[in-house]
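Colleague: Right, I'll just put the structure down here and ask away after.
Every number in this text was worked out from the coordinates using simple rules, so none of it is lab data. None of these values were measured; they are calculated from a predicted model. Positions of Cβ are generated from backbone atoms using ideal geometry, with glycine treated the same way; all protein chains shown enter the neighbour counts.
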Amino acid sequence: MMRAMASRPLRRLLRAAPLLLLGACSLIGIDGPMTSLEPQGPFSEQINDLFWPVFWTAVVVFVLVEGAIVAASFLFRDRPGRKEPKQVHGNTKLEVIWTAIPVIILASIAVPTVRGIFDLTECGSGAMPVEIYGHQWWFEYRYPENGAITGNVLVIPAGREVCATMTSEDVIHNYWVPALNGKRYLVPGHTTYLRLQADEPGEYWGQCGEFCGLSHSLMRARVVALPEAEFQSWLAKQLEPAAEPDEGSEAAAGLALFQQKGCIQCHTARPWNTVANQNFNGPDLTHLMERDVIAGAAFDNTPEDLKNWLANPPLEKPGSYMPNLGLTEQEIDSIIAWLETLK
Amino acid sequence: MSIASERPTTIFRRPAAETGFWSWVTTVDHKRIGIMYGYTAFAFFLIGGTEAILIRLHLFKANSTLLTAAEYNSLFTTHALTMIFLVVMPMAAAFVNYLLPLLIGARDVAFPRMNALSYWIFLFGGIFLYSVIFFADVTPPTGVQGVPGNIDPSEQTTFGALPDGGWFMYQPNAGGDFTPGKALDFAALGIQILGLASLIASVNFIVTIFNLRAKGMKLLRMPVFVWMSLIVAFLLLFSLPIIAIALFMVTLDRQFGTMFFDVPAGGDVVLWQHLFWLFGHPEVYVLILPAMGIVSELIPVFSRKPLFGYAAIVFAGAGIAFLGFGVWAHHMFASAITPVAQAAFALSTMAIAVPTGVKIFNWLGTMWLGKIKFATPMLFAIGFVTMFIIGGLSGVTHAVVPSDWQQTDTYYIVGHFHYVLFGGAIFGLFGGLYYWFPKLTGRMMSERLGKAHFWIWMVGFNLTFAPMHWLGLQGMVRRTWQYAPETGLQPWNQAATVGSLIIVVGVLVFMYNWMVSKRRGKPAGMDPWDARTLEWSIPNPTPVHNFSRPPEVHALDAFWHMKYGEDEEGRPVRRPEADVLVAELDHIGTNPPEPVHLPNPSYFPIVAAAGLPTIAYGIVFHVSALGKGLILLGILITLTGLIGWATEPLEETHEAAVHV
């Protein structure tokens, strides 16, 4: 996980104190790859800059009010000799004050909130468009600039804004890469937009936020940001077909199984089929080995994980549209041998 | 106690049992109905709590396989449904039922048989909802193009077959295509039935409050708990029809293919979100306002001061209720709504923090300069206020829309609303249980065990739910069956699980305390807390007829002013005649000088209620002849109940004497 941190002294200062406050939090488990507190791009940065002042305001209010309750509990506790209290029914001046103060605080929070809403919604003019489609239970990515299609891993150019146009063909999903921005639903029948930008090259974790059925928790996402030149060559390469395996090799046997067992009905793997990935279909496999993760970014793209996955997808991912085909160990090995040629 | 008639006026003989099983089945006494509400809600509290513990045990480890995905999804769904509809709402209804007539000086609610009806509908609704476990199985989604998903046989378990679409039932995931099977039909129809119970109860409470107040009890002399009950009743009255219609749409979609929420057919799923949260957000205030009312009764008693800014607290409650109808889309900031809508709902959501703050400051103002006794009820009341502040403040951070885009659908939200609904509502309700226990039983609960319960809960509660804010900020999404080990989420999940087990210890202490105190608790006398409101001006336990003489009210805190005057400094001075007065009230309370007329028990509420789940079973299985038969049978049963009810007079004989 890349942790490229620009020097932002003010933010570091702001971060330090709440960490003291959250004391032990900072000792264990701080800042895993899904943290929303380590922004890696301008949009999550903007959210972060809004969150901390509000958090601090809340801390001050918390300390004052809880402090007053503790003080009252201590000072005015029933002790021997304590006189009966005066029967005060209220105090208009006080009531006005403690109604007005929250109004002022909230108004001062409201202004940057409203500004932030509009800032973060409108995509910038030079942004690179991508399309994100939600499927049970993986994300599909399309690049309208050249028609490239991929799944599970979104590859973007570092330092450039990406404007995602999103929808879903089945249920409501929610695209969330905390380091790059907040989350946004993918709603069937509607189009939503999300701005993404990573300042530095690196790999960023994501997750579907909205409960979307049996394997919601295993609907994950990866974003890989590449330097501009690398990104352009990656994008161009997506249109190329994969190489034919050597005749008689194990990979060739795997390809044959891919075609015979029905895998090919849902998975695109060019040049063997060219059906566009759509709707319920599985991810495009043409360049599978470029990706670190499989099956909705839930598992690593290792021979071991691939083996478990192919042996019984519904066991690995409950509800999976990829059925248990009852493959033998030999068949699985052959298929993996072929998959490993999909560079 | 009235005597049943010798000559039945209907075809059935009027029930006459005063003790035993049948007396409870046929009772129309608001106190008994309140007690039944309370015990039923507590039983569901144990069920919902067990579900929560299973969830927490499962999340103890990253990539946990203790529960299957289907089981996990079912448990978080039923945990929410149970705690909201079968615990907090009926527990609040228990308090309102038992206390409302006592607090306003009435003998019963306006419609005693309707009161029984709403309890039985609630009970049958809850049983219907959970009976799903006998009828459902784990089904894979059918998919958009009719290519179904696949279920490994290991997924096929009993608990996995509970409703699993989330309590919010977002469409289309909770529709027929993506969650086939019967489970969600039971949930949708079950909530429908439970909603009917609440609707009937709210009408009853509104009429009671407007018509049966004691002489001199103007609206602004009503105890705050009565005010909050009134506000909640109106909230329910206006919000339940919305969810009723929305749930009918879901049931029609699932059972008869109406396609309201079928996107390819032109349906719209964002509409469901609007309808659901238009009910769902007022519902939040339905859950919290009764506890706020309870706390507003407790803090003055134990601070020995009147409530600071009574009118402000009342109007703040009303203000929260009004605004509560205008903030629903803050549950949808990440959904497909425009920035203009987001900004508008951000502002309304921030606005609702103002009246909420007013309440907190007024509770603090009540304690300030008081003479605070830390009896168990007061500890729970202070616990409520302190925990609710945290929930309120974290709530404000959600109104900051961009910030909410990071936090929504994460454990940050789970932490937030448990601070409101557990740290808030549940703490408040338990404070009420400790406070009014003597009213029920004539005995005191053990203070030692009560305080132990409080501190165990404070530790366990905060250990469970405080780390969830951190987990959410660290990227743990809600409703997640598994989290990856690399996310570093495990340590705080483990802390939360340990905390939840500590909460269980507190529950056990409470149950032990309750059971032992009921039989062997210290006798309470009539006024154990030196209280302020009318319910303590009658003996403990409450006599069946409540008030032997209708009380007359001259001020807020009517009972207090019978006992106390004020010196020139404004400090209370116990009137010399106070002890005599209390003794006299105690005597008259149990020995009414003249006969008291009470409504007679009736069989018909339970009969009318029994038809509803029958109809609901029929709808679920409507494809079969049996289902169609059940629908007809249910209608017949309910009609029988209603006709019998209509032909039966409320009070059988006006000559009935009172025997005590």
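Colleague: Sort the following peptides by mean Cβ neighbour count (other Cβ atoms within 10 Å, averaged over residues), highest first: B:577-585, B:523-531, B:97-105.
Modeller: Averaged packing, sorted descending, gives the order B:97-105, B:523-531, B:577-585.
Colleague: Counting partner chain Cβ atoms within 10 Å of every residue's Cβ in B:561-572, what's the average?
Modeller: Taking the mean over all residues of the peptide, I get 2.
Colleague: So if I take the centroid of the Cα atoms in the range A:50-66 and the same for the range B:271-316, what is the distance between those two points in Å?
Modeller: Spelled out, the Cα-based centre of one part sits 23 Å from the other.
Colleague: Determine the sum of side-chain charges near residue A:189: Lys and Arg each +1, Asp and Glu each -1, restricted to other residues whose C-beta is under 13 angstrom from that of residue A:189.
Modeller: That works out to -4.
Colleague: By how many degrees, between 0 and 90 and to the nearest 10, does the Cα long axis of helix B:112-130 differ from the longest principal axis of chain B?
Modeller: Tilt relative to chain B: about 30 degrees.
Colleague: Output the antiparallel fraction of DSSP beta bridges having both residues in the protein assembly as shown, as a percent to the nearest 5.
Modeller: 70 percent
Colleague: If you don't mind, there's one more thing I want to ask. Please give me the summed charge of the neighbours of residue A:316: other residues whose Cβ is under 14 Å from its Cβ, Lys and Arg +1, Asp and Glu -1.
Modeller: Combined, the nearby Lys, Arg, Asp and Glu give -2.
Colleague: Given the DSSP H assignment, sum -39500 (n - 2.57) over each helix run of at least 4 residues in chain A and divide by its residue total; what's the result at 222 nm in deg cm²/dmol, nearest 500?
Modeller: Per the formula, -11500 deg cm²/dmol.
Colleague: Can you tell me the order of B:79-92, B:623-636 when each peptide is scored by its average per-residue count of other Cβ atoms within 10 angstrom, highest first?
Modeller: The densest-packed peptide leads the list: B:79-92, B:623-636.
Colleague: Add +1 for every Lys or Arg and -1 for every Asp or Glu among the other residues with Cβ under 9 Å from the Cβ of residue B:369, and state the total.
Modeller: +3
Colleague: Just want the ordering: B:51, A:145, from fewest to most Cβ atoms lying within 10 Å of their own Cβ.
Modeller: Least to most surrounded, the residues fall as A:145, B:51.
Colleague: Next up: Under a straight-distance cross-link criterion of Cα-Cα below 19 Å, which lysines are reachable from residue A:343, leaving out those fewer than 8 residues away in the same chain?
Modeller: Hits, sequence-local ones excluded: A:237, A:307.
Colleague: Ignore the peptide's own chain and count Cβ atoms of other chains within 10 Å of each Cβ in B:393-400; give me the average, rounded.
Modeller: Taking the mean over all residues of the peptide, I get 6.
Colleague: Another question about this same structure. Evaluate peptide A:109-115: per residue, the Cβ atoms of other protein chains within 10 Å of its Cβ; return the mean as an integer.
Modeller: 6
Colleague: Shifting gears a bit: Round to the nearest 0.05 the FRET efficiency obtained for residue B:17 and residue B:66 when R0 = 51 Å and r is the Cβ-Cβ distance.
Modeller: Taking R0 as 51 Å, the efficiency between residue B:17 and residue B:66 is 0.60.
Colleague: For the cross-link pairs B:359/B:518; A:317/B:61; B:218/B:359; A:83/B:373, which exceed 24 Å when the distance is taken from alpha carbon to alpha carbon?
Modeller: Where the Cα-Cα span goes over 24 Å, the pairs concerned are B:359/B:518.
Colleague: The range B:109-152 to the range B:378-402: how many Å between their Cα centroids?
Modeller: 32 Å
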